[in-house]
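Please treat every number below as a calculation from the coordinates, not as lab data. Remember, it's a predicted structure, so these values are computed and weren't measured experimentally. Here Cβ is always computed from backbone atoms with ideal geometry, including for glycine, and neighbour counts include all displayed protein chains.
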Amino acid sequence: MAGNELPAWQRSYVVATIAVIGGSLAYVLCDWSGWPRLTFDPYHGSWSWPSGATRAVPINYYGTLLWGAGGGLLGASLAALAMRRRTRGLSSGAITLLTAWSLTAFGFAGWFYTWNLWPF
């Protein structure tokens, strides 16, 4: 590796951390803002794509997972495109900041859903 060339592990790490951030944001925002989600009604055995609050019985978790996966995929794609243009390596501070942001996003997503289930 010549000089300060971008190592392959840094490119992969940036894509992974941005995917975690994007996935966590989409996972929480779809519930918080009432985006339409894929929903399964176990009584009727049917799938639907309703918007807003879910009725008491239907299961919208599948749609929430799809939003999270889509946000992660979008984040990873944008990060991969951005990292293609970067030729220099990242500083240790930038790596630490990306780690902190991805852990924070993941933690807040978990906290949001724990809060929604309160008081258990």
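Scanning region 18-53 for residues that are closer than 30 Å to SER102 by Cα, of a type in the set (Gly, Ala, Ser) and outside any loop (DSSP other than H, G, I, E, B) yields a count of 5. Only residues that are touching a Pro at 6+ places or on another chain (Cβ under 8 Å) and exposed (fewer than 15 other Cβ atoms within 10 Å of the Cβ) were counted across region 60-90, and they come to 0.
Going by what's in this entry, would ALA56 be described as more than 27 Å from LEU97 (Cβ to Cβ), of a type outside the set (Val, Ile, Thr) and either in contact with a Pro (Cβ under 8 Å, 6 or more places away or on another chain) or not in a strand (DSSP E or B) (or both)?
Values: more than 27 Å from LEU97 (Cβ to Cβ): yes; of a type outside the set (Val, Ile, Thr): yes; either in contact with a Pro (Cβ under 8 Å, 6 or more places away or on another chain) or not in a strand (DSSP E or B) (or both): yes.
Yes: the conditions hold for ALA56.
Of the residues ARG55, ARG11, ARG37, which single one is under 18 Å from MET83 (Cβ atoms) and of a type in the set (Lys, Arg)? It would help to see each step written out before you state the result.
On the way: ARG55 fails: under 18 Å from MET83 (Cβ atoms); ARG37 fails: under 18 Å from MET83 (Cβ atoms).
On inspection, the qualifying residue turns out to be ARG11.
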